Amino acid sequence: MDTRAPSVVAVVVTTDPDAHLEATLSSLVAQDYDELSILVMGTRPELTLNARVAAVAPGAFVAVCDTAGGFGAAVNQALAMVEGSSFLLLCHDDVVLEPDAVHLLVEEAFRSNAGIVTPKVVSIDDASVLLHVGQGVDRYGTIIERVQPGEVDQGQHDAVRDVFVAPGGVTLVRDDLLRSLGGYDPRYLAMGDDLELCWRARLAGARIVCAPQAVVAHAERLAAGAISLTVPEGEHAAPTLSRLRRRNELRTIIICWGLFQRTITLAMLAVLNLLEIIISVTGGDAERAVDIRESWRVWFRERKEDRAARNRVKALRTVSDRSIRSLQTRGATRARIFVATLAHHGFDAARGAWSPLAEEPSTEAAPELTASFGGAFSEDEGFDELDDLGRRGRRAHGRRRLASPRAVLVLTVALAIVFLIGSRNLMGARLPMIGQLVPLGSWSSVWHRVFASWQPAGLGNGAPGHPGYLTLGLVGTVTLGQMGFAVRLILLTSLPLGALGTARLIAPVASARARLLAAAAFFGLALGVNSIAGGDLGAVAALGAMPFVIRRVLRLLAIPPFDVPFDGPVSIAARGWRRTVAGQIVALGLLLGFVGALSPALLVATALVALGGAVGAWLARAGNRGAGLARVGAALGLAVVLLAPLTIQAVAAGAQGLAIFGVPQGPWSTAGPWGLLRFAVGPNGDGILTWLLPLAAVVPLLIARKERLALAASVAGAGAAALALAVVVAHGGLGPFAPDLLVLLAPVAVGVAALVGLGLAAFEIDLPGVDFGWRQVVGLLGVAAALVGLIPFVVDAGNGRWHMPTSGYGDALSFLNAPAKTGHRVLWLGDPRGIPGGSWGIHPGLAWATSTDGLPTAANLFAPAAATGGSAITVPITTALEGNTVHLGQLLAPTGISQIVVVTSTAPTLPGISTAESVAPPAGLLPALRHQLDLQEIPGSGSAVIFDVAGSMPVVATRRAPLSSSLTPSFELATQGWRSLVGSNPLAGQVRAGDRTAFAGRAPASDFSLQGSTGTSSSAFGWAQTWPVRNGQVSLRLSALPVDALVAVFTMIAWLALVLCLIGRHRWLDWWWRRPKHVPHLDPVELEEQLP
Amino acid sequence: MSDHRRLARAELQRPAIVGGLAVALAAIGIGAWAVGGTAQATAPVQPSTLVASATAETSQFTCGGFSVGAGSVAHATISMVNTTGATVRATVAIASDAGARAATTIEVAPGSTASIQPGDMVSSGHFAAATVLVHGGGVAVTERIDGSNGVSDTPCSSTTSSSWYFAGNSSAKGQDPVVTLVNPSSTPAVAGMTFITGANGAATPQGAQGLVIGPQSAISVHVASLVPHGGELATLVQATQGSVVAFMTQISPGPVASAVTLGEPSVESSWLLPRAVATPGASVAVQVANPTSSVQQVSVHVRLVSGWVAPWTVSIDPFTVASIPTAPSSRVPAGSVYAATVHASGPGVVAFLATTDTTASSSGWGITPLVDATAAGWGHWVVPAPAGVVRSGVSLFNEASSPVSVTIRAVVGASTTAAGQAGSVTVAPRSVTTLSSTQLKPSNGSTLEVTSSGPLAVAQSFFGADPGVGTLNAMPLG
């Protein structure tokens, strides 16, 4: 009877061997297993290999692979050389086996009837540190270690157990199993070949166990980067390990899963990968995105090979996917790790920008302007809590309470929850028609407004489309055309973004705790929720963007702590160009352009921030004010160019162009200076507690030092400048120049919030070295005031919609959409805050707008800079206000106005159901309208007073009598006898029998022509047109050149070009476009097999 | 300079930073305070008889309280006085309380007066109203009622209101006060009335509530049938929907005499009477109604040309009427011309001048509203020419404490000329200047334009009224 032990052939695959090779061979030679042979497979030509092997293991065989490939290819080649062995011991060339390792592995293979046995792997540098005791895997092919990084071996894993993966290094494989599996897949260079082999072994019914009694030390040279990978066929450069891992994971699950599991897994993986790409790109980690992209690209490229591999797997499958699934870890390991790391160490650690095990970052982060969520809140100040790795020692408790990342995260989440609770009724419910919340219609209609050559607002306008539509269209594109969601996205994410930006504004000089307080203060100030309640999309967006604007302005002004030198000359769009002066200017200009499109007053606010910030810096003797102001001016100039459609309108309108910034509100219904300071500009923020946050903002000016004081002075200066202009505008002191008050207050809000945070930062950082005195008391009072000042925000959250009215004029006045009103206009009069959509001013507190065929639509969202032909409306209104007419309806008749709606509040007030902010029109308006003989007041319309206009002309009409071009609406005969064109389309129809004159009340008159007219057109009422017609079909055509569309295209191209310049080749899109660098490829030189 | 030194310098600037911010905030506060409050001014109140400026696009007057049809007791003439230098077109629409309607358009030559008689246009109905749409401005519209004992003039209303007040009437036996409510607008109106009779308090008869006045329509209410035996009658008209114009026509028994007056749209705490004549044989009294819930002390100060006389002071309970006879009395000699002021201590009263015939052979009744504060603050007036009667004089009453320079020009055709010797006068503080017909010659029969450098109240009187001398307040010109 043959009692020999089963033969084992140790296949040592070596690549660029270093001294570890000798150690490996020596440990193999020293094994107490007699039936062990050694075969050394060189993957690359190595002239001294034979001599080195012979010096240590004279009995070993040496061979060199004749094909390029990795570990698996070499093993496959060795498999062809070896015959008659029972087991193969597959070894790397940087391992050291304990003398009994092979013996124990073989024993365990028999004891457990295992096909594959893996040893306990420890660090070659420190044998007490565990590296592997087998590995697990999830359904996506993500490897899961059974030990924590750096875990000390204390015998805790010394039980034999089944594992899914036998990690590479040293693996004992039954020879017949390996042969039945067909060896390794040669396409796997590294990083995953072990998973693929083990998975197939599992599918074949083999058992894989870890035998921890067998101990192997592993240097893991490949993971350490000591070995360069072979360049795969068809590629120009060797992939990185992470890329290789991604590629192999995807390849493995495609090969090893059956159809059902493969379909599900790939679908879920695609979603996870997409999210990961977004997070990576957002965090500036383009490499990761490239890896993911490459994995899918390789899958597509090698789909035929994969199909063949699947067929091979199908042939050997004896175990169902369900059984395999039961052996795997549930969930998505990578996502779970991301969330856990995010929770413990912040975003930068989660996305892999730094390792939580590495040196902890300093308390004061470098003032590098990187965009990351983690940069706002995450900071490794953990002292009072251990992380999951148990690697944190406890530090002294005391003043750093609530400063750990976990505590900050918890508080941040609590803040977010309060905001979400406060906004809960705005998320799903229909938004009322107030402010700018007019129905936007479809995504395509919004884009149509961008390129349209004619805008129906007012009496019609040939101005280019308002760039606000462009911004909305872009946001709507992001939301996949869901414009309602786009509006909510702007409405409800701007505040959190602004809070984030405020935290980042003070990040260079403040702790995470102080940043959190600043963010909370930003939420707590009533401006944000009042902007939401008023449905002012522009103001909300401007407020959200303002912290970022301020930071960039301070950067351009070189005000501490943003006074680090700009990067040197970098070619445009190259890596680092964004950090140059030009890049910073473009970044600010682009931000102003994108957000300013919704609220042009942002440009005014930015100018104030620059001026006020410069004054503050001058007081603090800091910053580069002259050059900085010029840079900010350049950014503003760029924004003006990026808003070309609006700029052209404003310039063409002359003094009236100032209306693009806003319409004067009624001073009588606007808060006074102290109300503005408390942001009591809406339904929220009224109460004595709202004084506390502005009071707390004074603290850093009293106790802060160094960069904190310089920053405090600058933001205070910016806020004061903005507040001053806001007060003047609120009093109507600048006439028609009345930038949106809420936007003007945005720098004030950001300044107050930042100062509150700086107050705490000063208390933490600046006061410890100062003797106890009034400063400490002031600091404590400031913090207490800030915390108590948040109470109104929490209380207002209970409303669930920040006191936004539950219904708007769209509900109360729905009858205006009656078919009978088709072909007519509705004139809206009152305070601009009460008129849905855009409007033009007549007097402070009295604005006007029109809507066509009923209620306002997307076309009325933005008012062009000047209302072409608007005097046809404003002059009669003024005449009526002065008591100089009793026939306002007749004077308005040619404009097609069939109803006048006078709004007296931002929304209808329904007792017990809905309340709205009162915005009373001028006191003389309603009496003047009631004095008109041809206006009939419709009773019972709530907060809107409605008048029917007798004798209103249809916008497009015909009649028998001709109309002399010299006639004015004062002549009754001029406005009588008009009938609407027969037809459903107001722009085309059938002329009634006997009618000889067609009228079109659509400005600008010169842009329209009437197809079917029998002669040339004549001017009507000074702004409209008439044509001679006879019975027949006619249609009104717009004959303007598509200049507006060209301007819109230019604007879009300019935006896109600058975006691409800013993101350059190395961010954002680079993950898709980047190609691996070309490196010289060395063809493997086949060496003759040598035997010792 | 190193960063550290630079930042250290920033700390040295702390006082400047704090001070700068304090100064900025103080400047903001002071600036806001200096600009003034932001409370909205109340709606500008315009006199109810305002004549639109010549540049107005359109203007409109509402006349009412006259009768049409067979047996008319208050036959009316509507006069349109064109004070401008251009021909103005006017459209007059008549609506009777029976629903009859008629309209006509006439052109008024520059500086002239055109008249129409509604009774010639509408014959069905009892009482009627007229709206005069003037296609321009500068035209004053008045109406006159002819009675067997004389005439009664009143300016037509250029505005509508949700409230109107009357005093000086009577629903005593034989007297028939008629309220005419006119709705010149396109919006239906609903109104109700409350009556105050002497010291008896207020009455709100059901028959006077919820009165619907259709667009461009008029209704009339005979008060005597609702609140008989009211010797001193005040009337409150309140529109709960829309706005109206209210006229009161006092019809006295045989020989039938009628007096018409436009109501006052609001209560005031101060009233002016620019001109009154202590007509022999007539009793002249100021009737003051207190339509509020407060007891008010009311004093009536009479200013003769020669000086002030001792005032009358009465306490008027809520919702009562008091009559203060000014002539004949020991303080006001018969035949004298005088002015008066009425001041109330509370939220306001309404005051009318009532002139009644004391002779047994006549029952004439003349009523003139006093001038409210809004009209009394005006500086530009139209004194329409009294067609068919003789202007006895014009009074200029300056209640203010500073003198007022007054220019009086007569509208003659397309131009104006100085009004005789009275072309330019100065009215002393708290005094009244009366211009006799002699002083106004040769412009006594012309429409006058009065321009003053300060607040002034202007009225004219004319012979031929019932009873005796009638008074017609000047109409403010925009």
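If only residues of the range A:718-744 that are facing chain B (nearest Cβ under 7 Å) and not in a helix (DSSP H, G or I) are counted, the one that is farthest from residue B:32 (Cα to Cα) is A:733. For the range A:765-799, name all the residues that are assigned to a loop (DSSP other than H, G, I, E, B) and either under 20 Å from residue A:690 (Cβ atoms) or among the acidic types (Asp, Glu) (or both). Within the range A:765-799, A:771, A:790, A:798, A:799 meet the criteria. Scanning the range A:830-859 for residues that are assigned to a loop (DSSP other than H, G, I, E, B) and within 14 Å of chain B (Cβ to nearest Cβ) returns A:831, A:844, A:845. Could you check, for the range A:701-712, whether at least one of its residues is more than 8 Å from chain B (Cβ to nearest Cβ) and in a loop (DSSP other than H, G, I, E, B)? Checking the range A:701-712: at least one residue is more than 8 Å from chain B (Cβ to nearest Cβ) and in a loop (DSSP other than H, G, I, E, B). Among the residues of the range A:907-926, those identified as surrounded by fewer than 20 Cβ atoms within 10 Å (Cβ to Cβ) and at the interface with chain B (Cβ under 10 Å from one of its Cβ atoms) are A:920, A:923, A:926. Filtered by the rule that a residue be under 29 Å from residue B:53 (Cβ atoms) and not in a loop (DSSP other than H, G, I, E, B), the range A:883-900 gives A:888, A:889, A:890, A:891, A:892, A:893, A:894, A:895, A:897, A:900.
Condition check ((1) over 21 Å from residue B:84 (Cα atoms); (2) part of a strand (DSSP E or B); (3) not aromatic (Phe, Trp, Tyr)) across all residues:
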| position | (1), (2), (3) |
| --- | --- |
| B:400 | yes, no, yes |
| B:407 | no, yes, yes |
| B:425 | yes, yes, yes |
| B:433 | yes, yes, yes |
| B:449 | no, yes, yes |
| B:464 | yes, yes, yes |
| B:469 | yes, yes, yes |
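Here the condition is being part of a strand (DSSP E or B), within 14 Å of residue A:957 (Cα to Cα) and modelled with pLDDT under 90; of A:1019, A:1035, A:1013, it holds for A:1035 alone.
Does the range A:841-858 hold any residues that are crowded, with 23+ Cβ neighbours inside 10 Å and within 34 Å of the chain's Cα centre (by Cα), and which are they? Passing the criteria: A:855, A:856. Here residue A:730 meets each of (1) within 26 Å of residue A:683 (Cβ to Cβ); (2) under 30 Å from the mean Cα position of the chain (by Cα) with one exception, condition (2).
Residues are listed down the side, and each one gets a yes or a no for (1) modelled with pLDDT of 95 or more; (2) surrounded by fewer than 24 Cβ atoms within 10 Å (Cβ to Cβ); (3) of a type outside the set (Gly, Ala, Ser):
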site	(1), (2), (3)
A:526	no, no, no
A:534	no, no, no
A:542	yes, no, no
A:545	yes, no, no
A:554	no, no, yes
A:557	no, no, yes
A:560	no, no, yes
A:565	no, yes, yes
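Taken over the range B:279-299, the criterion of being assigned to a strand (DSSP E or B), in contact with a Phe, Trp or Tyr (Cβ under 8 Å, 6 or more places away or on another chain) and either of a type in the set (A, V, I, L, M) or surrounded by fewer than 18 Cβ atoms within 10 Å (Cβ to Cβ) (or both) is satisfied by B:286, B:289, B:299.
With respect to the conditions (1) at pLDDT below 95; (2) surrounded by fewer than 24 Cβ atoms within 10 Å (Cβ to Cβ); (3) not in a loop (DSSP other than H, G, I, E, B), residue A:636 lacks only one, and its number is (1). Put simply, of A:242, A:228 the only residue that is surrounded by fewer than 23 Cβ atoms within 10 Å (Cβ to Cβ), of a type in the set (Gly, Ala, Ser) and not in a helix (DSSP H, G or I) is A:228. Among the residues of the range B:80-113, the one identified as of a type in the set (Asp, Glu) and free of Cβ contacts under 8 Å to residues at least 24 places away in the same chain is B:107.
Scanning the range B:154-189 for residues that are among the β-branched types (Val, Ile, Thr), at the interface with another protein chain (Cβ under 10 Å from one of its Cβ atoms) and within 20 Å of the chain's Cα centre (by Cα) yields B:159, B:160. Tell me, please, whether a residue that is part of a loop (DSSP other than H, G, I, E, B), of a type in the set (Ser, Thr, Tyr) and at pLDDT 90 or above can be found in the range B:191-206. Scanning the range B:191-206, I find at least one residue that is part of a loop (DSSP other than H, G, I, E, B), of a type in the set (Ser, Thr, Tyr) and at pLDDT 90 or above, so the answer is yes.
Restricting attention to the range B:115-141, report how many residues are small (Gly, Ala, Ser) and surrounded by fewer than 18 Cβ atoms within 10 Å (Cβ to Cβ). Of the residues in the range B:115-141, 3 are small (Gly, Ala, Ser) and surrounded by fewer than 18 Cβ atoms within 10 Å (Cβ to Cβ). Restricted to the range B:300-322, and to residues there that are among the polar types (S, T, N, Q) and surrounded by fewer than 19 Cβ atoms within 10 Å (Cβ to Cβ), the residue that is nearest to residue B:229 (Cα to Cα) is B:315.
Condition check ((1) buried (at least 24 other Cβ atoms within 10 Å of the Cβ); (2) more than 51 Å from the chain's Cα centre (by Cα); (3) over 24 Å from residue A:205 (Cα atoms)) across all residues:
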site: A:7; (1), (2), (3): no, yes, no
site: A:12; (1), (2), (3): yes, no, yes
site: A:18; (1), (2), (3): no, no, yes
site: A:33; (1), (2), (3): no, yes, yes
site: A:49; (1), (2), (3): no, yes, yes
site: A:75; (1), (2), (3): yes, no, no
site: A:84; (1), (2), (3): no, yes, no
site: A:105; (1), (2), (3): yes, yes, no
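Just one residue in the set A:949, A:886, A:903 is buried (at least 22 other Cβ atoms within 10 Å of the Cβ), closer than 28 Å to residue A:811 by Cβ, in contact with a strand residue (DSSP E or B) (Cβ under 8 Å, 6 or more places away or on another chain) and within 11 Å of chain B (Cβ to nearest Cβ); that residue is A:949. A count restricted to the range B:43-94 and to residues that are polar (S, T, N, Q), within 26 Å of residue B:120 (Cα to Cα) and either within 12 Å of another protein chain (Cβ to nearest Cβ) or surrounded by fewer than 18 Cβ atoms within 10 Å (Cβ to Cβ) (or both) stands at 6.
Conditions tested, residue by residue: (1) in contact with a Lys or Arg (Cβ under 6 Å, 6 or more places away or on another chain); (2) outside any strand (DSSP E or B); (3) buried (at least 22 other Cβ atoms within 10 Å of the Cβ); (4) of a type in the set (S, T, N, Q).
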{"position": "B:220", "(1), (2), (3), (4)": "no, no, yes, yes"}
{"position": "B:224", "(1), (2), (3), (4)": "no, yes, no, no"}
{"position": "B:231", "(1), (2), (3), (4)": "no, yes, no, no"}
{"position": "B:240", "(1), (2), (3), (4)": "no, no, no, yes"}
{"position": "B:246", "(1), (2), (3), (4)": "no, no, yes, no"}
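Sort out which residues of the range A:860-871 are part of a helix (DSSP H, G or I) and buried (at least 24 other Cβ atoms within 10 Å of the Cβ), and write them in order of number. Listed by number, the list holds a single entry, A:860. The listed residues are A:254, A:279, A:324, and the only one of them that is under 31 Å from the mean Cα position of the chain (by Cα) and either in a helix (DSSP H, G or I) or of a type in the set (Phe, Trp, Tyr) (or both) turns out to be A:279. Restricting the first member to the range A:665-688 and to residues that are within 14 Å of chain B (Cβ to nearest Cβ) and assigned to a loop (DSSP other than H, G, I, E, B), and the second to residues that are charged (D, E, K, R) and surrounded by fewer than 24 Cβ atoms within 10 Å (Cβ to Cβ), the beta-carbon pairs closer than 6 Å and six or more apart or on different chains are A:680/A:686. Filter the range B:395-411 for residues that are surrounded by fewer than 16 Cβ atoms within 10 Å (Cβ to Cβ) and over 14 Å from residue B:455 (Cα atoms) and give the result. Passing the criteria: none in range.
The values are calculated or read from the model by the stated rules, or taken from the named source; none is laboratory data. Computed from a prediction, not measured in an experiment: that's the story for all the values here. FYI the Cβ positions are ideal-geometry reconstructions off the backbone, even for glycines, and counts take in every protein chain you see.
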